[in-house]
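Quick notes on the structure that follows.
The values are calculated or read from the model by the stated rules, or taken from the named source; none is laboratory data. As the structure is a computational prediction, the values presented were derived from the model and not from experiment. Cβ placement follows ideal geometry from the backbone for every residue including glycine, while neighbour counts extend to all protein chains displayed.
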Amino acid sequence: MANRREFIKISSIGAGGLALAANTFSWSKGMSFADDLLSPDKKGALRTPTYCELCFWKCAGWVYKDERGEIKKITGNDDDPHCNGRFCPRGTGGVGMYHDKDRLKKPLIRAEERGKQIFREASWDEALDYIAEKLGKIAREHGPECVALFTHGSGGKFFGDLMKAYGSTNIAAPSFAQCRGPREVGFLATFGELVLSPERTDIRDTKCLVLIGSHLGENMHNGQVQEMSDAIDKGATIITVDPRFSIAASKSKYWMPIKPATDLALLLTWINLIIENEWYDKDYVEKYTYGFDVLKERVKPYTPQWAYGITGLKPEMIYDTAKAMHDASPAVIVHPGRHVTWYGDDTQRSRAVAILNALLGSWGRRGGFYYPEKASLPDYPHPPYPKPKRTWRDAFPGKFNLANEVLSTGICDASIPNTARDCTFKAWLVYGTNLIKTLPERKKTLEAIQNLELLVAIDTMPMEITGYADVILPECTYLERYDMLRTNPHREPNIALRMPAAKPKYDTKPAWWMAKKLADKMGLGDYFAWNDIEELLDWQLKKIGSSLDEMKRIGVKKFPRQYDDLYFWPDQDFIFNTNSGKIELYSTDLEKEGFDPIPKYTPHPEPPEGYYRLIYGRAPMHTFSRTINNPNLVDLMDENTVWVNPKVAKIWYLENGQEVYLQNQDGVISKFPIKVRVTERIRWDSVYMVHGFGHSNKKLSRAYGKGGSDSELISKVMLDPVMGGTGMRGNFVTFLTEKPVEEEVAS
Amino acid sequence: MKEEIITSGRMNPYIDPHLNIWHWQIPLYLFLGGLAAGILFFAALYTIQGKQDKYRTAVKIAPFITPFILIIGLIALFWDLKHKLYFWQLYTTIRFESPMSWGAWTLMVVTPLSFIWCALNIKVIFPDWDWKFQWVKEVEAFFRRNILVISWILLIFSLILGVYTGILFSAFNARPLWNTSILGPLFLASGLSAGAAAIVLLSKDHFERVQMAKIDLIIIAVELFLIIHMFMGFLASTQVQIDAANLFLGGPYTTPFWLFVVMLGMVFPAILEILELRGYKMPHYIAPILVMFGSLMLRFIIAYAGQESRWLY
Amino acid sequence: MRYAMAIDTKKCVGCSDCVVACQTENNVPIGYCRDWIVEVTDGTYPQLEIEIRSERCNHCENAPCVRCCPTGASHYEDGGTVLVTHHKCIGCGACIASCPYDARYSHPDGYVDKCTFCLDNRVKKGEDPACVSVCPTKCMYFGDLDDPNSDVSRVLKMRKWKTLIPEAGTKPHVYYLI
Ligand SMILES: Nc1nc2c(c(=O)[nH]1)N[C@H]1C(S)=C(S)[C@@H](COP(=O)(O)OP(=O)(O)OC[C@H]3O[C@@H](n4cnc5c(=O)[nH]c(N)nc54)[C@H](O)[C@@H]3O)O[C@H]1N2
Ligand SMILES: Nc1nc2c(c(=O)[nH]1)N[C@H]1C(S)=C(S)[C@@H](COP(=O)(O)OP(=O)(O)OC[C@H]3O[C@@H](n4cnc5c(=O)[nH]c(N)nc54)[C@H](O)[C@@H]3O)O[C@H]1N2
Ligand code: SF4
Ligand code: SF4
Ligand code: SF4
Ligand code: SF4
Ligand code: SF4
Ligand SMILES: [Mo]
């Protein structure tokens, strides 16, 4: 009998098992290579291993240089399960990040000169001393728990360690409350397991892939796009639910042009149909699930006819698609999505997705959801971290208890002084996240920033957030540095190395160096007891039977699985990591917290007359701010457009390519004009744009003023009461065809 | 609705949003080539016909401008080349399928001939001219003896040059507007018309002016016929060619084409010439200037509009 | 030997990876490209279809660009590829105007450039062209039409396909699976 709890425990203890097993690989020990930065590949070309930092999929690849020693191209590593030797356009264009002349070049400190605030260049020592001194002061006056770290990127790990050593566990990523949070909480409540990244979806072997909003193909998360293509090859049925004719929709057998904000109605109807028609996996449901009978009762009202009125989807189509899922089951995936903070009921919607998967028996089955495994590395020995007296949760007593990560927006809220709150944040370290464009409700973010005593931005580019910083630390790009080994879970446990392909340009430094130096200056040097990162990595690698030299040569190393299989075996007994030990169709966790234990449909507000719902998504060649000034990628797409249905265009006399300003329901007007794209690909009640454009920092020579920003128009949030996710699709916009008077333009 | 877009930001200014590889240089070059061809054609023709004295301007005076305009044309062409230092590669090979190539070689023949022609007639303009060296005089005598042969060569090559100015475009079936065999004759006619107009302009002899004006009238009639024919051809063809024709039939080139090329460049001067032939008095330079202007505009408009017509997207 | 490429419009997601990969592999300057993506949407919401094509020089069997080149810079090479010899090109633009597919561009250094099928730098070394090897959806196939077992030959046998503007009579060697 396999027990998930056990597994979690073991794997969290450390690399014990793995280290033993890996001893069989000891042939690699003692082999030494010229410690040249470069290792020749089969064909004699010079290349160094890396993993990509252009998005969070972290594909491993090779960096090649030309005869002059300039970085020329980056390609995928054939052994890497994240990318299978093929990068996505952003990864391939990663070279542009290195060559970008607009990069941050020197540490900068905010100073006052003749009554005006300016940044002045500083030496690294000076900048780090400044931070160390301020953080020391804040710790003395308010306690270290009043400092938070926002991080979204590899190097954030080192600053995370620094924070923990300093005494704060408030380490937040926008990838929770603005992104994956609801699905992780929804799946955790149902299966006792996270979806993780890369997602544990077994797309390559699926017979039916249901995408609810997930716009794979535009969402260029590499492995998934590759596997979707494999699935198309193998004739899988693809069902895409999207109000926009997405690229995925265009590859689908069924495109369900749903009315936005009504997905939960469709999901509940599917659940009802599958139960009514006995299309669920009876043995599976019987053996593994909890609460089936209540579920069956509760979803009865959700008929296709009812759903038709709400979603605008034809009853036959709803029926046919439910049948298609059944026909494919258990090799069916109702995809959990990734960016799921849409309408505030997102955890409940994710729960419905999880329930649907449970009924179809796809969890733990081939072509459904597999059980991933992660190579775990031992931590370099360090003194125990101090136990913080307070955490961000103290600012929200009794709320968001199911949030299993820190809420970025929560920290933001708790940085605005409020007598009702116990904990007001005084300092932010911001690593690799452009909060200004990333968080909704910009007014609030800016207010919070105004109240800080210290804001440190660690970035590679002069993004908007750096403009609000007291100190800017310029990091070198991923092509110029080491980071921790990549250890994401996958079908096979594996690790990947990132090493510098070139010396850092300008006066930039890697995160590990900054964090360690800062720790030294703050008297926390013991927590970073290694001399440099090569020593740290080599130490870790030797513990699991590899070495830095070996990894420089191969880039990616796979290990055999240690625990059970990818899938359940027939009739396997299994205890899920939930209160009931079963897959909870009826969630006891949610019930305990006072939420609906079974999702219920509630309608959301609709756009007023003359307004359209603002929805947004990804373009394959960009990742938010991250790529927005990258010369190679700007070359592919230099601005976004606002997609408008021809019917709407007619009403407003809008023409293709015409520039308009957008104004939202709160009167916020876009700072820059955006060009109209008249296209049938969008519904008449919505407009669409790619997120990440419309930058306002002039130092971004390619991105400044190009296209429009969805972020600035998201002034209203539909908060997820379960876990604090920020639903961002409840904003409505209208068109201004004339340039608005200057004062009215929101900043 | 059908939407066809390039999503990867192909921002090459020479091909997007439409072809934009040839600017003023090429139409100017083609106009000057056509004009020179027209002038030299009449010079050669009347020489062969033995009418040198009746058409003194056509044979002896007007050709004097041809070396200059040919050279200016070549400079314009050279100006347009993007890889100028490799210019000489044009003359390392003859490629009969390439109009550019045989155009270059035709100019290689016509330009020296135009110089020779001027040399033979230099005394008309500078009566005291002396070639100084004996061998030059001998060469001159040689050419003078063979003036008929030279005339024939010139006649043929000026026709080739005139046709070439149109074929250069019509060889490109990639551009639906250019993809018509009528451009060759049309541009030839336009060149001859401009040549005739130039002669009218330069001539002080009433008889010669009247004769050339008559010829011009005929050529203009032919041009109008060809233009109508061309549009009928387009409209009876595929969608892309209908689209191409529509550039002139309601599209952005409608006004410039019908106003400048057809009305000002053909119909109006034709009326003036007819009136003049009927004995009305008016400044004789207006009609020929308009004809030349029309001929220039024709090249410009066809060059630019052709680049806007395309198969895809 | 006749090199050809087949691109599956049913799998291509229009990501443009093939475009960047070509740029970095072949030193195509920023602002120019040898390949590009076309998206054609047809129909009325919600009855819609999209065809996505990764386009490049078709290495035409009957290439107008070769015909009209005055210097012979544009020429046929091994396997029926159409290439440009940079030092013979005078930059007259005739080939650019002659290509119905707008596949050529004028390199900032003066000569005309376009897709080479990566002949010298990859294909002759036994590798796939850069765009083919990078494509995340594996929707591109490259090989020899004369070899019935090549990827291209096989996929063209199995699937319906088309070429672009067949009316132009250029006999393209890039095929689109539909
Ligand atoms: N190229 C590229 N790829 C990326 C990223 C990137 O920046 N660039 N970012 C990565 C990250 S961090 C994430 S989280 C993921 C996000 O990628 P996904 O999880 O795929 O994001 P969604 O929010 O589902 O994506 C937007 C889609 O939802 C549709 N939509 C809008 N409103 C509704 C609705 O009410 N119902 C339904 N059913 N659909 C709706 C939109 O039309 C659009 O097609 O992408 C990842 N991949
Ligand atoms: N309006 C709106 N808001 C959104 C979303 C949306 O679709 N619309 N999407 C949400 C989602 S799903 C997510 S995951 C988040 C993502 O939010 P973020 O992670 O904040 O995304 P980016 O804007 O790409 O921010 C990346 C920052 O990291 C910097 N950076 C890049 N590389 C490095 C590096 O190597 N080192 C350092 N130190 N910095 C680096 C970049 O310059 C940039 O400032 O945004 C969320 N917010
Ligand atoms: S999916 Fe693309 S951008 Fe993301 S890590 Fe992989 S190659 Fe890089
Ligand atoms: S890389 Fe492949 S999927 Fe992406 S646009 Fe090119 S051909 Fe299409
Ligand atoms: S596609 Fe254009 S450039 Fe390529 S061979 Fe054909 S005509 Fe020539
Ligand atoms: S531009 Fe170069 S390759 Fe093209 S036709 Fe002219 S000489 Fe030939
Ligand atoms: S075959 Fe080579 S040159 Fe042609 S588009 Fe692909 S990568 Fe570029
Ligand atoms: Mo995300």
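Contact map, the range C:87-109: first residue free of Cβ contacts under 8 Å to residues at least 40 places away in the same chain and more than 7 Å from every other protein chain (Cβ to nearest Cβ), second residue within 16 Å of ligand 7 (Cβ to nearest atom) and among the hydroxyl-bearing types (Ser, Thr, Tyr), Cβ cut-off under 7 Å, separation 6 or more or different chains; pairs are C:95/C:74. Taking the criterion of being out of contact with any Asp or Glu (no Cβ under 6 Å at 6 or more places or on another chain), surrounded by fewer than 24 Cβ atoms within 10 Å (Cβ to Cβ) and within 14 Å of chain C (Cβ to nearest Cβ), the residues of the range A:683-725 that qualify are A:684, A:685, A:686, A:690, A:702. The set of residues in the range A:180-197 being surrounded by 23 or more Cβ atoms within 10 Å (Cβ to Cβ) and either touching a Pro at 6+ places or on another chain (Cβ under 6 Å) or in the same structural domain as residue A:356 (by TED's automatic domain parsing) (or both) consists of A:183, A:195.
Taking the range C:37-58 as the range and being within 15 Å of ligand 5 (Cβ to nearest atom) and touching a helix residue (DSSP H, G or I) at 6+ places or on another chain (Cβ under 6 Å) as the test, only C:54 passes.
Looking at the range B:117-155 only, could you name the residues that are in contact (Cβ under 8 Å) with a residue 24 or more places away in the chain and of a type in the set (S, T, N, Q)? Lay out the reasoning, then the answer.
Step one: of the range B:117-155, the residues in contact (Cβ under 8 Å) with a residue 24 or more places away in the chain are B:117-121, B:124-125, B:143-144, B:147-148, B:150-155.
Those that are in contact (Cβ under 8 Å) with a residue 24 or more places away in the chain and of a type in the set (S, T, N, Q): B:121, B:151.
Cβ-Cβ distances below 8 Å connect the following pairs, each with a first residue in the range A:237-261 that is at positive phi, a second residue that is of a type in the set (Asp, Glu), and a separation of six or more residues or different chains: A:261/A:606. Looking at the range B:55-62, is at least one residue closer than 14 Å to residue B:198 by Cβ and among the polar types (S, T, N, Q)? Yes: one or more hits. Of the residues making up the range C:35-68, those that are assigned to a loop (DSSP other than H, G, I, E, B) and away from ligand 4 (no atom under 16 Å from the Cβ) are C:45, C:46, C:59, C:60, C:61, C:62, C:63. Is the range A:408-421 home to any residue that is buried (at least 24 other Cβ atoms within 10 Å of the Cβ), among the small types (Gly, Ala, Ser) and in a loop (DSSP other than H, G, I, E, B)? Scanning the range A:408-421 turns up at least one residue that is buried (at least 24 other Cβ atoms within 10 Å of the Cβ), among the small types (Gly, Ala, Ser) and in a loop (DSSP other than H, G, I, E, B).
Apart from one condition, residue B:97 fits all of (1) over 20 Å from residue B:70 (Cβ atoms); (2) away from every other protein chain (no Cβ under 14 Å); the exception is (2). Summed over the range A:716-736, residues that are within 11 Å of ligand 2 (Cβ to nearest atom) and touching a helix residue (DSSP H, G or I) at 6+ places or on another chain (Cβ under 9 Å) total 5.
Restricting attention to the range C:138-150, which residues are in contact with an Asp or Glu (Cβ under 7 Å, 6 or more places away or on another chain) and within 14 Å of another protein chain (Cβ to nearest Cβ)?
Step one: filter the range C:138-150 for residues in contact with an Asp or Glu (Cβ under 7 Å, 6 or more places away or on another chain), giving C:139, C:141-143, C:150.
Listed by number, the residues that qualify are C:139, C:141.
Here the range A:434-481 is the region considered, the condition is being hydroxyl-bearing (Ser, Thr, Tyr) and near ligand 2 (Cβ under 9 Å from one of its atoms), and the residue that is farthest from the other protein chains (Cβ to nearest Cβ) is A:466. None of A:358, A:328, A:324, A:307 is more than 30 Å from residue A:438 (Cα to Cα) and either surrounded by fewer than 21 Cβ atoms within 10 Å (Cβ to Cβ) or outside the structural domain of residue A:253 (by TED's automatic domain parsing) (or both) except A:324.
Going through (1) in contact with a Lys or Arg (Cβ under 8 Å, 6 or more places away or on another chain); (2) without any contact (Cβ under 8 Å) to a residue 12 or more places away in the chain; (3) more than 14 Å from chain C (Cβ to nearest Cβ) one by one, residue B:31 falls short only on (2).
Quick one: in the range C:22-40, which of the residues that are facing chain A (nearest Cβ under 7 Å) and buried (at least 20 other Cβ atoms within 10 Å of the Cβ) is farthest from residue B:9 (Cα to Cα)?
Looking only at the range C:22-40, we keep the residues that are facing chain A (nearest Cβ under 7 Å), and these are C:23-25, C:30-31.
From what is left, the residues that are buried (at least 20 other Cβ atoms within 10 Å of the Cβ) are C:23-25.
Working: C:23: 13, C:24: 16, C:25: 18 Å.
Looking at residues that are facing chain A (nearest Cβ under 7 Å) and buried (at least 20 other Cβ atoms within 10 Å of the Cβ), I get C:25.
Contact map, the range A:609-628: residues that are within 8 Å of ligand 2 (Cβ to nearest atom) paired with residues that are part of a helix (DSSP H, G or I), Cβ distance under 6 Å, separation 6+ or inter-chain. Pairs shown: A:616/A:710; A:623/A:90; A:625/A:437; A:627/A:90; A:627/A:633. Within the range C:123-137, residues that are facing chain A (nearest Cβ under 10 Å) reach partners that are among the basic types (Lys, Arg) with beta carbons closer than 6 Å, at six or more positions or on different chains, in the pairs C:134/A:86; C:136/A:86; C:137/C:11. Using the structure shown, decide if residue A:458 is buried (at least 18 other Cβ atoms within 10 Å of the Cβ), in contact (Cβ under 8 Å) with a residue 24 or more places away in the chain and in a helix (DSSP H, G or I). So residue A:458 fails the test.
Restricting to the range A:64-105, what's the tally of residues that are within 16 Å of ligand 4 (Cβ to nearest atom), outside any loop (DSSP other than H, G, I, E, B) and under 19 Å from residue A:46 (Cβ atoms)? Lay out the reasoning, then the answer.
Quick first cut of the range A:64-105, residues within 16 Å of ligand 4 (Cβ to nearest atom) only: A:73-76, A:83-94.
Those still in the list that are outside any loop (DSSP other than H, G, I, E, B) too: A:73-76, A:89-92.
When the remaining residues are screened for being under 19 Å from residue A:46 (Cβ atoms), the result is A:73-76, A:92.
Selection size over the range A:64-105: 5.
Exactly one residue out of C:19, C:84 is within 9 Å of another protein chain (Cβ to nearest Cβ) and not acidic (Asp, Glu), and it is C:19. Taking every residue in the range B:201-226 that is under 13 Å from residue B:55 (Cα atoms) and pairing it with any residue that is among the polar types (S, T, N, Q) and assigned to a helix (DSSP H, G or I), at least 6 positions away or on another chain, the pairs with Cβ-Cβ distances below 6 Å are B:202/B:57; B:203/B:57; B:208/B:57. Residue C:87 meets the conditions (1) more than 14 Å from ligand 5 (Cβ to nearest atom); (2) in a loop (DSSP other than H, G, I, E, B) in every case but one. The failed one is (2).
Applying the condition of being within 14 Å of ligand 2 (Cβ to nearest atom) and more than 14 Å from chain C (Cβ to nearest Cβ) to the range A:199-227 and asking which residue is surrounded by the fewest Cβ atoms within 10 Å (Cβ to Cβ) yields A:199. Exactly one residue among A:66, A:80 is within 14 Å of chain C (Cβ to nearest Cβ) and either within 25 Å of the chain's Cα centre (by Cα) or within 16 Å of ligand 5 (Cβ to nearest atom) (or both), and that residue is A:80.
Residues checked against (1) surrounded by fewer than 22 Cβ atoms within 10 Å (Cβ to Cβ); (2) over 29 Å from residue A:698 (Cβ atoms):
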residue: A:105; (1), (2): yes, no
residue: A:117; (1), (2): yes, no
residue: A:151; (1), (2): no, no
residue: A:166; (1), (2): no, yes
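Residue-level check: of (1) part of a helix (DSSP H, G or I); (2) surrounded by fewer than 19 Cβ atoms within 10 Å (Cβ to Cβ), residue A:518 misses just (2). Candidates B:102, B:24: the one that is within 14 Å of chain C (Cβ to nearest Cβ), under 28 Å from residue B:298 (Cα atoms), surrounded by fewer than 16 Cβ atoms within 10 Å (Cβ to Cβ) and in contact (Cβ under 8 Å) with a residue 24 or more places away in the chain is B:24.
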